[in-house]
Ligand code: ASP
């Protein structure tokens, strides 16, 4: 009559289908943003680990003040790099700025406070490696560069070379506009006294330098090399190491710290490593690359690989020291065969670990 009729069963079913379809669409629509969130990539792991040298670091030789001072500076350094990474900065920047903190502190054997060579001068070594490009830079035997790690990064970025040495390294850094310092800036009483004592021992024992190298006291006098490995939110690993080497070193001796593959290595495919220890043994063991190779080729975890190289290969040769490292998932290794290694780690959640002695 009025153009309205009782719907047929078929029409009724169609209406029901339409209502059901609309309801489903509405539900999907409502859940849209949530579904998107659930599917979004979880935040990438990032992290940072540092060392401030390994060796005969014993509680009985450490005053509570010294213990506190080391822990504080380690915390400041690792937090510096962590803040850069948390804000989305690169692992290169995190490693550079973190190492600056330790190079600028007289507590470590790097930059200010580095150990002295036989002539009573500093000779600074540093290296850096970028795990994304397998690009690297290093300097050895520099005497005027305030922050050797920055010079290593500049060699990588702004020169056609990987390693520069001696006066040439200083000249390159000056041309790059990096801060230069007079000899006095680097010298500390502690290192002058250590040199005097080592040279007195050398004279008294009438030993050759090679024999004296294994003296316990001399071994003490190289502790304090600094290093850092960082993994950024983009998944890029970087590693750097900086040192003054060994007290009373002669003949422009160069250790492992500036040697890519020995003291420093980084590869996004496996891990980043920074080493510290008796350099001659670390060079012969190609420590940093060996650990990365065990991770890449043998599928070992970074802890297993670091353990095998430090407690197996290096120790068997008679060398001592340690490494810190991160793999490309942010797993950390802090391994040593010495009584202590100044070290600290911060993960993506900001969990902080600061340790000095091996048994902590
Ligand atoms: N590896 C450094 C060197 O031999 C010293 C150290 O790390 O203790 O020069």
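The values are calculated or read from the model by the stated rules, or taken from the named source; none is laboratory data. What you see is a predicted model; the values in this text were computed from it and never measured. Methodologically, a virtual Cβ is constructed for each residue, glycine included, from the backbone with ideal geometry; neighbour enumeration extends over all protein chains shown.
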(Q) Quick test of your reading of the structure: residue 100 fulfils all but one of (1) within 18 Å of residue 276 (Cβ to Cβ); (2) out of contact with any strand residue (DSSP E or B) (no Cβ under 8 Å at 6 or more places or on another chain); (3) part of a loop (DSSP other than H, G, I, E, B). Name the failing condition by number. (A) (3)
Q. Across the stretch 139-167, what is the total count of residues that are more than 19 Å from residue 181 (Cα to Cα) and in a strand (DSSP E or B)?
A. 1
Q: Please find, among 341, 334, the residue that is in contact with a strand residue (DSSP E or B) (Cβ under 9 Å, 6 or more places away or on another chain), farther than 19 Å from residue 267 by Cα, in contact (Cβ under 8 Å) with a residue 24 or more places away in the chain and part of a strand (DSSP E or B).
A: 341
Q: Among the residues of the stretch 202-238, write down those that are within 16 Å of the ligand (Cβ to nearest atom) and at pLDDT 75 or above.
A: 222, 223, 224, 225, 226, 227, 228, 229
Q.
Against the conditions (1) touching a helix residue (DSSP H, G or I) at 6+ places or on another chain (Cβ under 9 Å); (2) surrounded by fewer than 21 Cβ atoms within 10 Å (Cβ to Cβ); (3) more than 12 Å from residue 129 (Cβ to Cβ), where does residue 282 fall short? Just the number, please.
A. (2)
**Q.** Where residue 308 falls short, out of the listed (1) touching a helix residue (DSSP H, G or I) at 6+ places or on another chain (Cβ under 7 Å); (2) within 14 Å of the ligand (Cβ to nearest atom); (3) not in a loop (DSSP other than H, G, I, E, B)
**A.** (2)
Q) Could you count how many residues in the stretch 33-76 are at pLDDT 95 or above, away from the ligand (no atom under 16 Å from the Cβ) and closer than 25 Å to residue 95 by Cα? A) 12
Q: For the stretch 171-194, enumerate the residues that are surrounded by 12 or more Cβ atoms within 10 Å (Cβ to Cβ) and farther than 16 Å from residue 112 by Cβ.
A: 171, 172, 174, 176
Q) Restricted to the stretch 239-286, and to residues that are closer than 14 Å to residue 305 by Cβ and over 14 Å from the mean Cα position of the chain (by Cα), which residue is nearest to the ligand (Cβ to nearest atom)? A) 285
